[in-house]
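Read the figures in this text as sums done on the coordinates, not as results from a lab. Remember, predicted model here, so these are calculated numbers, not experimental data. Because the Cβ atoms are built from the backbone with ideal geometry, glycine has one as well, and the counts that use them run over all protein chains shown.
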Amino acid sequence: MIFVAAYAIIGAVFAVAFLIGGVNRLDPAAKASGLAFRVIVFPGCVALWPLLAVKWLRGEVIK
């Protein structure tokens with residue numbers, strides 16, 4: 001249970017940082033998106049934060 005809570009907390013912190021700055025580098029189409037898009041993808045960023053962190057660090061662009 002503690003692992004799940006820690007994973008979710010780390011994911012939430014990562015998601016906020018990622019949605020503020022990282023998503024624009026990974027997906028060029030996200031530059032024109034607004035707050036609604038970021039709210040919708042927040043849960044996915046929390047759940048998939050390890051994958052997104054690797055892609056963000058590598059500077060990969062999602063096609």
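With the helix formula -39500 (n - 2.57) applied to DSSP H stretches of n ≥ 4, the chain reaches a computed 222 nm mean residue ellipticity of -20500 deg cm²/dmol. Kindly provide the pair-distance distribution of the chain built from C-alpha pairs, with 5 Å bins from 0 and whole-percent values in order of increasing distance. That works out to 3, 19, 29, 26, 13, 6, 3, 1, in percent per bin. Multiplying the residue separation of Ile20 and Met1 by 0.36 nm and removing their Cα-Cα distance gives an extension gain of 3.9 nm. What is the angle, in °, between the Cα long axis of helix 49-58 and the longest principal axis of the Cα atoms in the chain? Nearest 10 is fine, range 0 to 90. Rounded to the nearest ten degrees, it is 40.
Taken about its Cα centre, the chain carries a charge dipole of roughly 160 debye when the Cβ of each Lys and Arg holds +1 and the Cβ of each Asp and Glu holds -1.
Any chance you could give the angle, 0 to 90 degrees and rounded to 10, that helix 35-47 forms with the longest Cα principal axis of the chain? Approximately 40 degrees, to the nearest 10.
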